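Inspection log for the structure reproduced underneath, given as structure tokens.
The values are calculated or read from the model by the stated rules, or taken from the named source; none is laboratory data. Keep in mind the model is a prediction, meaning the values are calculated, not measured. Positions of Cβ are backbone-derived with ideal geometry, glycine not excepted, and every protein chain shown enters the neighbour counts. Please note that ligands, DNA and RNA were not included when accessible areas were found on the heavy atoms of the full protein model with its side chains. Shrake-Rupley method; radii C 1.70, N 1.55, O 1.52, S 1.80 Å.
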Amino acid sequence: MSTLTLCIVVVFCLGYLCIALESLTKVNKAAIALLMCVCCWTLLMLAPGSFYPDVAADGVLHHVAAVIEHHLGDAASTLFFLMGAMTIVEIVDSNGGFNFVRDALKTRSKRKLLWRVAFMTFFLSAILDNLTTSIVMIMVLRKLVQSREERLIYAGLIIVSANSGGAFSPIGDVTTIMLWIKGVITTQGVLTEVFLPSLLSMVIPAAILSLTLKGKFDKEQNLPKAEVSHFTTAQRNAIFWLGVGGLCFVPVFKTLTHLPPFMGILLVLGVLWTVTEIFHYNTAEDDTMAKRVSDIMTRIDLSTIMFFLGILMAVAVLQEVGVLTALGENLNETFQGNYYIINGIIGVLSSIVDNVPLVAGCMGMYPVAAEGAMAVDGIFWQLLAYCAGVGGSMLIIGSAAGVVVMGLEKITFGWYMKHISWIAFVGYLAGIGCYWLEKMVMG
């Protein structure tokens, strides 16, 4: 490894460390990711010829510029997909589309509520995404459970269920979106083969946590249906089905047109935006100004988008200098191609640091093969989707869902590790075992 390559790795590791210690440094991880990205590319430009020996000296700068644009295009497709999906969910939520969630969860039994929360979160996160689903479920949970001690148990289960639900859907988690857009997993493959392991990784923790809850709530839970807009029930239902149905349609659109997934998201957003503008035409002016999509878009978390941009482009540098390929070869040599162990370790790591750069790194480390474990929908890629998604539940900082719930409910790192981490780990291992059995039975 050359000195320059070592410097790039050191900068990346330092940046990664600062991102992992965001709660201590108080510096937004998006800022660190952007700095890390620019510093790594700048170091590469100090001697670009050493990394591209086959390119003529007078053309190496143009080659690097083309390489950056190529990686930026890959990153942009993921970012536009995320921004479109987040905007669609905001539109549905701001216009009362999720009112049905409150009604579906209504019960006095503590255990019944736990199972309803678990399954509702699991399937909603597969349709939407684990981050948005966690926010919606925590908002609903606050109206259902008054006791903070009991609410923390439900909140912990929401994190586990959201990450498990996102792992078996091509649009349920940022990491599965990345793998799907890259083309290493397909919608049919991940739905049919990763569903049961993901379900088991949610059911087992839910069963264990249900043992800690007994009896009923003191009184019938009141679920006020606040009218968030002047839309009629039919209009709100239309917005809900256009939004959620549109998200489900995106994989179908990709299959039919062979266009990138973000084009399908933009189609759904364009249709939904047009419909809401038409609905707003006859509403009061103040309601129109408050609910227009252009206003909703200002509430999209841009810092998260910037974080993903910085991370994906920084990982691209490691891919260009050959570090990821070397790391992948070392892992293969150490564990002799045992993809269950390799992905199991990756899943544990994803609970310590963000799973986005881990998956981005793996996509750079391991090439797609024509057949075998590395083929499209092969064991390696499907296990990676499962492990990176579900593994993030083992620590509260290991996933976007965990971080947002931690902030909303003020859950401490220690409480989560004591009450939830070991339960999530048991479910994680059970899911890997289930996937192994599936492959044994299917041959």
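State all residues of region 411-432 that are within 23 Å of ARG148 (Cβ to Cβ) and open to solvent by 30 Å² or more (accessible area, probe 1.4 Å); if no residue qualifies, say none.
THR412, PHE413, GLY414, TRP415, MET417, LYS418, HIS419, TRP422
Which is open to solvent by 20 Å² or more (accessible area, probe 1.4 Å) and among the β-branched types (Val, Ile, Thr), of VAL145, VAL174?
None of the other options fit; the residue is VAL174.
With LEU358, LEU384, LEU349, LEU408 as the choices, which residue is over 28 Å from LEU72 (Cβ atoms) and either open to solvent by 20 Å² or more (accessible area, probe 1.4 Å) or not charged (D, E, K, R) (or both)?
LEU408
Considering only residues that are small (Gly, Ala, Ser) and in a helix (DSSP H, G or I), which ones fall in region 365-412? Step through it out loud before you land on a result.
Residues of region 365-412 that are small (Gly, Ala, Ser), as a first pass: 369-370, 372-373, 375, 378, 385, 388-389, 391-393, 398-402, 407.
If the condition is that a residue be small (Gly, Ala, Ser) and in a helix (DSSP H, G or I), then ALA385, ALA388, GLY389, GLY391, GLY392, SER393, ALA400, ALA401, GLY402, GLY407 are the ones that fit.
When region 30-71 is examined, which residues are found to be free of Cβ contacts under 8 Å to residues at least 40 places away in the same chain, assigned to a loop (DSSP other than H, G, I, E, B) and more than 17 Å from ALA316 (Cβ to Cβ)?
PRO53, ASP54, VAL55, ALA56
Considering (1) surrounded by 21 or more Cβ atoms within 10 Å (Cβ to Cβ); (2) modelled with pLDDT of 80 or more; (3) not β-branched (Val, Ile, Thr), say which one ALA85 fails and leave the rest.
Looking at each condition in turn, ALA85 falls short on (2).
Sort out for me the helices (runs of 4 or more DSSP H) sitting completely within region 86-187 that have 3 or more residues that are more than 11 Å from the chain's Cα centre (by Cα) and farther than 30 Å from VAL271 by Cβ.
So the answer is 110-127, 130-144, 148-167.
How about region 149-168: which of its residues are in contact (Cβ under 8 Å) with a residue 12 or more places away in the chain, open to solvent by 10 Å² or more (accessible area, probe 1.4 Å) and not aliphatic (A, V, I, L, M)? Let's see the steps before the verdict.
Step one: filter region 149-168 for residues in contact (Cβ under 8 Å) with a residue 12 or more places away in the chain, giving 150-168.
Subset that is open to solvent by 10 Å² or more (accessible area, probe 1.4 Å): 150-153, 168.
Across region 149-168, the qualifying residues are GLU150, ARG151, PHE168.
Six or more apart or on different chains, Cβ under 7 Å: which pairs go from a residue in region 252-270 that's open to solvent by 70 Å² or more (accessible area, probe 1.4 Å) to one that's part of a helix (DSSP H, G or I) and modelled with pLDDT under 90? Could you list them?
LEU266/GLY84; LEU267/PHE253
From (1) buried (at least 24 other Cβ atoms within 10 Å of the Cβ); (2) farther than 18 Å from LEU209 by Cα, pick out the condition that doesn't hold for ILE397.
Failed condition: (1).
Sort out which residues of region 177-188 are in contact with an Asp or Glu (Cβ under 7 Å, 6 or more places away or on another chain) and either open to solvent by 10 Å² or more (accessible area, probe 1.4 Å) or aromatic (Phe, Trp, Tyr) (or both), and write them in order of number.
Result: THR186, single match.
Could you please let me know if LYS439 is among the basic types (Lys, Arg), in a helix (DSSP H, G or I) and free of Cβ contacts under 8 Å to residues at least 40 places away in the same chain?
Details: among the basic types (Lys, Arg): yes; in a helix (DSSP H, G or I): yes; free of Cβ contacts under 8 Å to residues at least 40 places away in the same chain: no.
Spelling it out, it is not the case that LYS439 is among the basic types (Lys, Arg), in a helix (DSSP H, G or I) and free of Cβ contacts under 8 Å to residues at least 40 places away in the same chain.
Every residue, every condition in (1) farther than 28 Å from LYS106 by Cα; (2) out of contact with any strand residue (DSSP E or B) (no Cβ under 8 Å at 6 or more places or on another chain); (3) at pLDDT 85 or above, yes or no:
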{"site": "LEU144", "(1), (2), (3)": "no, yes, no"}
{"site": "ARG148", "(1), (2), (3)": "no, yes, no"}
{"site": "ARG151", "(1), (2), (3)": "no, yes, yes"}
{"site": "THR175", "(1), (2), (3)": "yes, yes, no"}
{"site": "MET178", "(1), (2), (3)": "yes, yes, no"}
{"site": "ILE185", "(1), (2), (3)": "yes, yes, yes"}
{"site": "LEU196", "(1), (2), (3)": "no, yes, yes"}
{"site": "LEU199", "(1), (2), (3)": "no, yes, yes"}
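Just the residues that are part of a helix (DSSP H, G or I) and either surrounded by 22 or more Cβ atoms within 10 Å (Cβ to Cβ) or among the aliphatic types (A, V, I, L, M) (or both), please, taken from region 296-306.
ILE296, MET297, LEU302, ILE305, MET306
When only residues in region 1-29 that are part of a loop (DSSP other than H, G, I, E, B) and hydrophobic (A, V, I, L, M, F, W, C) count, which is most open to solvent (accessible area, probe 1.4 Å)?
Only one residue fits best here, namely MET1.
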